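Heads up: the structure comes next, in structure tokens.
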Amino acid sequence: MKKALILGNEAVARGLWEAGVNVVSSYPGTPSTEITEFVSKYDDIYSEWAPNEKVAFEVAFGAATGGARSFCAMKHVGLNVAADPLYTASYIGVNGGMVCAVADDPGMHSSQNEQDSRHHAIASKTPMLEPSDSAECCAFAKIAFDLSERFNTPFLLRLSTRVSHARSLVELCDRKEIGVKEYKKDVMKNVMMPAMARGAHVRVEERLLALTDFADGEAVLAGINTVEYNEKKIGIIAAGTSFVYAREALGTKASYLKLGMVNPLPVKLIKDFAKEVDEVIVVEELDDIIETHCIKLGIKVKGKELFSRLGEFSQATVKAALTNEKADFVSFDEDIPARPPVLCAGCPHRGLYYALKGMGLYVSGDIGCYTLGAQAPLSMMDSCVCMGASVSGLHGFNVARGSEQAKKSVAVIGDSTFIHSGITGLIDIAYNKGFSTVIVLDNSITGMTGHQNNPANGLTIKGDPTVSVNLEALARAVGFNNVRVVDPFDIEVTKATVKEELAKEEPSLIISRRPCALLKTVRHSAPVVVDEEKCIGCKACLNVGCPALSQTKRESGKYLAVIDKTQCVGCGVCASACKFDAIGKGE
Amino acid sequence: MSVKNILIVGVGGQGTLLASKLMGKCFVEEGYDVKVSEVHGMSQRGGSVVTYVRYGEKVYSPVIEKGEADIIISFEQLESARWLPYLKKGGVLISSTQRIDPMPVIMGKAAYPENILAKIREKDVKLVELDALDLALSAGTAKCANIVLLGAAVRFLGIDKDMWIDIIRSTVPPKTVETNLKAFELGYMA
């Protein structure tokens, strides 16, 4: 059998393919994105990028109702968006199997919060599996489809950054063609009105009991929940990443109950394990879900009194809590400057932000690469909540503070985020006679998650040409009479346009349009050059916050601007910042 | 054998992921269990990035903690200083002499420490320093600095050099094989 060293996300995609999945719809979100990217390489699976996670979930659920094995993937906060269909899909159940992968981000490598998606599994009464490495990503994805059909429920597959983005070995198998099952009209099952839902809820509660029995028995035989007895002084109960950290830290000095199914949790299995060991310790990143379950069962456990609810764990976290081992290492003795992520050299967002700078604006921000503009030296963001909140949040801010405030405030939102959930906010502004100015930063790609096509750039997930959303026409259609398009590298025109639109007591949409500098199709200019005769070292250019621009000490002893030619793509935003005409086009 | 730990550190966009991919492939060929943990998403935008490579008979955790790395491969001096505590005492640090100023330094809000590598040399570590960017340029392109550093690390990995050459040949795009092998050789000799 062929073994491959692959990412957890690629292993999920492989598992889907092997399970005979027919339909996949997702919205990108770190750390879940690559699952669907890998799926798109399989010609025997239909795949698509949806405008948002709710749509993706509903497409997958519709496909499952139609008899296909279907799948959707999202990050933890994406499941909030898809929560509405999830909770009722749980009542309805499936025809073809359906699995939804949700990737948590403990430590917030690339997220705005650290929520624990197991809460959604419990609240929606949906079963959830949690793999701990790539082999389990593939295996659990496959098992989840069999169980989804057997127990008549969508299944959740919980991932996390260190599972999704770690490579480990996977045995590759062949695809099992399942085909599409027959669809029969069944109003009692598929139409959720109060009369039907009352019956459905009864079935959901019965299903949870059946799944608990499964977790206690068959799940052990199937290798989903596993018990490893070694020394019995300490008994660890853990799942996913927390299990591998504990196993690494304690080796055979502890016994382990590893839970591959985290909702519903087993009962008898946990009670039996607790009887065998002297002390039960629950190791779990984020919230105390397994611990609370144990306490409900009347089992004495230690969990959050030893381990934090915050951030990522590691083997060191477990060692610090449970052993006397101390790490031995050397350190650098001086302060080490932080290296925060920054907008890339040549990023079109920099031009827009630089144009807005100095206008004294309240900037209602959103989720994407451009959130990096919140940091110094641009410092051009006042708020950032969730996908789409810039538009609706700005409207609320302006309603509260009046029309004069509206002349000093804008929303900034990327093209993909706007399609995801900015449009409804736009409608709200127009419908309710608002006067806000919304700026769409249209860089023709979903950037932060690593370049995915989206409905505004005219390309499908496979890169095939398709229709694209006409942002200008869309804004007019919902009632925005003022629609302008600017090139963010033209600082003066951008500035003037924003000023004009802010002065109007009507809503305006400004599209700041220029493709992402990292797109392969973008042609770059030669690096800009510094005229050392003209540069006086005033540092004004450093305010654009470009990683390709700094100052160095010259032979004269003066500190002057210097361009990193390996990074600079000649966008010229820094030249706009120079009052002495010291930065010019290169050749 | 006990698990060996290699940390690859640098600045987002420097090409740290190719080096870890090649290593992972090689250790699998040698019959080891392997885990490689990467960072995607926001940190890739010019931030400090780290990749963990672990191999041995059985690897559980995908991450490496302070005092656990046998080897650190660093693409940039400041990152060498930042990740130094992850090295075992007496471990090997392979550092490029490249300097990339982070935004707080560009803005004059923080100072880039002077003579970083000279100060690290005084510690209980084995330091190999090389100008990977310059060597890469002499091989043909700045893009293969990662292969130069891999070449330098291979001397400490106890796996036959020819094995690495085969792996590079079968992994990088055909057009870039010769340049990458030249870069590998320059790093190996450094």
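The values are calculated or read from the model by the stated rules, or taken from the named source; none is laboratory data. Since this is a predicted model, take the numbers as computed values, not measurements. Using ideal geometry, Cβ is built from the backbone for each residue, glycine included, and neighbour counts are taken over all protein chains shown. Just so you know, the surface numbers come from the protein's heavy atoms only, side chains and all, with ligands and any DNA or RNA stripped out. Shrake-Rupley method; radii C 1.70, N 1.55, O 1.52, S 1.80 Å.
Which pairs do you get when a residue that is over 21 Å from B:Cys26 (Cα atoms) and among the hydroxyl-bearing types (Ser, Thr, Tyr), found in the range A:156-173, comes within reach of a residue that is at pLDDT below 95 and surrounded by fewer than 24 Cβ atoms within 10 Å (Cβ to Cβ), reach meaning Cβ atoms under 6 angstrom, with the pair 6+ apart or on two chains?
That search, which allows pairs on different chains as well, returns A:Thr161/A:His109.
Considering only the range A:543-587, how many residues are over 38 Å from the mean Cα position of the chain (by Cα) and among the β-branched types (Val, Ile, Thr)?
Number satisfying all stated conditions: 2.
Residues that are open to solvent by 30 Å² or more (accessible area, probe 1.4 Å) and not aromatic (Phe, Trp, Tyr): which strands (runs of 3 or more DSSP E) entirely in the range A:163-275 hold 1 or more of them?
Strands (runs of 3 or more DSSP E) meeting the threshold: A:166-171, A:226-228, A:234-238.
Restricting attention to the range B:136-165, and to residues there that are of a type in the set (Gly, Ala, Ser) and within 17 Å of the chain's Cα centre (by Cα), which single residue is most open to solvent (accessible area, probe 1.4 Å)? Steps first, please.
The first filter runs over the range B:136-165 and keeps only residues of a type in the set (Gly, Ala, Ser), leaving B:136, B:138-140, B:142, B:145, B:151-153, B:158.
When the remaining residues are screened for being within 17 Å of the chain's Cα centre (by Cα), the result is B:136, B:142, B:145, B:151-153, B:158.
Values: B:Ala136: 0, B:Ala142: 40, B:Ala145: 11, B:Gly151: 0, B:Ala152: 0, B:Ala153: 1, B:Gly158: 80 Å².
Ranking the candidates gives B:Gly158 first.
Name every residue in the range B:138-190 that is assigned to a helix (DSSP H, G or I) and basic (Lys, Arg), in order of residue number. Step through it out loud before you land on a result.
Let us first name the residues in the range B:138-190 that are assigned to a helix (DSSP H, G or I), namely B:138-139, B:142-154, B:161-171, B:174-189.
Hits for the range B:138-190 are B:Lys143, B:Lys161, B:Arg169, B:Lys175, B:Lys182.
A quick yes/no check of all residues on (1) assigned to a loop (DSSP other than H, G, I, E, B); (2) within 14 Å of chain B (Cβ to nearest Cβ); (3) open to solvent by 70 Å² or more (accessible area, probe 1.4 Å):
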position	(1), (2), (3)
A:Ala475	no, no, no
A:Phe480	yes, no, no
A:Pro488	yes, no, no
A:Glu492	no, no, yes
A:Val498	no, no, no
A:Leu518	yes, yes, yes
A:Pro527	yes, yes, no
A:Leu542	no, yes, no
A:Pro547	yes, yes, no
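When the range B:100-137 is examined, which residues are found to be out of contact with any Pro (no Cβ under 9 Å at 6 or more places or on another chain) and assigned to a helix (DSSP H, G or I)?
B:Ile116, B:Leu117, B:Ala118, B:Ile120, B:Arg121, B:Ala132, B:Leu133, B:Asp134, B:Leu135, B:Ala136, B:Leu137 - these are the residues of the range B:100-137 that are out of contact with any Pro (no Cβ under 9 Å at 6 or more places or on another chain) and assigned to a helix (DSSP H, G or I).
Looking at the structure I just gave you, is B:Asp33 surrounded by fewer than 23 Cβ atoms within 10 Å (Cβ to Cβ), more than 7 Å from every other protein chain (Cβ to nearest Cβ) and of a type in the set (Asp, Glu)?
no
Among the listed residues A:Val493, A:Val498, A:Val483, A:Val529, identify the single one that is hydrophobic (A, V, I, L, M, F, W, C), free of Cβ contacts under 8 Å to residues at least 60 places away in the same chain and closer than 30 Å to A:Tyr431 by Cβ.
On the way: A:Val493 fails: closer than 30 Å to A:Tyr431 by Cβ; A:Val498 fails: free of Cβ contacts under 8 Å to residues at least 60 places away in the same chain; A:Val529 fails: closer than 30 Å to A:Tyr431 by Cβ.
The conditions single out A:Val483.
Looking at (1) within 26 Å of A:Glu37 (Cβ to Cβ); (2) of a type in the set (A, V, I, L, M, F, W, C); (3) touching a residue at least 24 places away in the same chain (Cβ under 8 Å); (4) not in a loop (DSSP other than H, G, I, E, B), which one does B:Leu84 not meet, given that it meets all the others?
Of (1) within 26 Å of A:Glu37 (Cβ to Cβ); (2) of a type in the set (A, V, I, L, M, F, W, C); (3) touching a residue at least 24 places away in the same chain (Cβ under 8 Å); (4) not in a loop (DSSP other than H, G, I, E, B), only one is false for B:Leu84: (1).
Within the range B:93-104, can one find any residue that is more than 13 Å from chain A (Cβ to nearest Cβ) and either of a type in the set (Gly, Ala, Ser) or open to solvent by 40 Å² or more (accessible area, probe 1.4 Å) (or both)?
So the first thing to find is which residues in the range B:93-104 are more than 13 Å from chain A (Cβ to nearest Cβ), and the list is B:94, B:96-97.
Remaining after also requiring either of a type in the set (Gly, Ala, Ser) or open to solvent by 40 Å² or more (accessible area, probe 1.4 Å) (or both): B:96-97.
Yes, the range B:93-104 has at least one match.
Return the pairs, sorted by first residue and then second, in which the second residue is assigned to a loop (DSSP other than H, G, I, E, B) and modelled with pLDDT of 95 or more, the first residue lies in the range A:302-323 and is in the same structural domain as A:Ile237 (by TED's automatic domain parsing) and aromatic (Phe, Trp, Tyr), the beta carbons are less than 6 Å apart, and the residues are 6+ apart or on different chains.
So the pair list comes out as A:Phe313/A:Glu285.
Spot the failing condition for A:Gly463; the list is (1) assigned to a loop (DSSP other than H, G, I, E, B); (2) crowded, with 20+ Cβ neighbours inside 10 Å, and only one is missed.
It fails just one condition, (2).
Considering only residues that are within 13 Å of chain B (Cβ to nearest Cβ), of a type in the set (A, V, I, L, M) and open to solvent by less than 40 Å² (accessible area, probe 1.4 Å), which ones fall in the range A:299-339?
Once the filter is applied, which keeps residues that are within 13 Å of chain B (Cβ to nearest Cβ), of a type in the set (A, V, I, L, M) and open to solvent by less than 40 Å² (accessible area, probe 1.4 Å), the range A:299-339 yields A:Ala316, A:Val318, A:Val330.
Hey, among the residues in the range A:547-578 that are touching a helix residue (DSSP H, G or I) at 6+ places or on another chain (Cβ under 6 Å) and among the hydrophobic types (A, V, I, L, M, F, W, C), which one's farthest from A:Arg514 (Cα to Cα)?
Residue satisfying both the conditions and the ranking: A:Ala561.
Out of all the residues in the range B:123-180, which are within 14 Å of chain A (Cβ to nearest Cβ) and either in contact with a strand residue (DSSP E or B) (Cβ under 6 Å, 6 or more places away or on another chain) or among the aliphatic types (A, V, I, L, M) (or both)?
B:Asp124, B:Val125, B:Lys126, B:Leu127, B:Ala132, B:Leu133, B:Ala136, B:Leu137, B:Ala142, B:Ala145, B:Ile167
Looking at B:Val49, B:Val53, can you tell me which residue is surrounded by 23 or more Cβ atoms within 10 Å (Cβ to Cβ), at the interface with chain A (Cβ under 10 Å from one of its Cβ atoms) and over 26 Å from A:Gln375 (Cβ atoms)?
Of B:Val49, B:Val53, the one residue that is surrounded by 23 or more Cβ atoms within 10 Å (Cβ to Cβ), at the interface with chain A (Cβ under 10 Å from one of its Cβ atoms) and over 26 Å from A:Gln375 (Cβ atoms) is B:Val53.
Between a residue in the range A:19-41 that is within 13 Å of another protein chain (Cβ to nearest Cβ) and any residue that is in a helix (DSSP H, G or I) and surrounded by fewer than 24 Cβ atoms within 10 Å (Cβ to Cβ), which pairs come within a Cβ distance under 6 Å, given they are 6 or more apart or on different chains?
As it stands, the answer is A:Thr30/B:Gly41, since those pairs meet every condition given.
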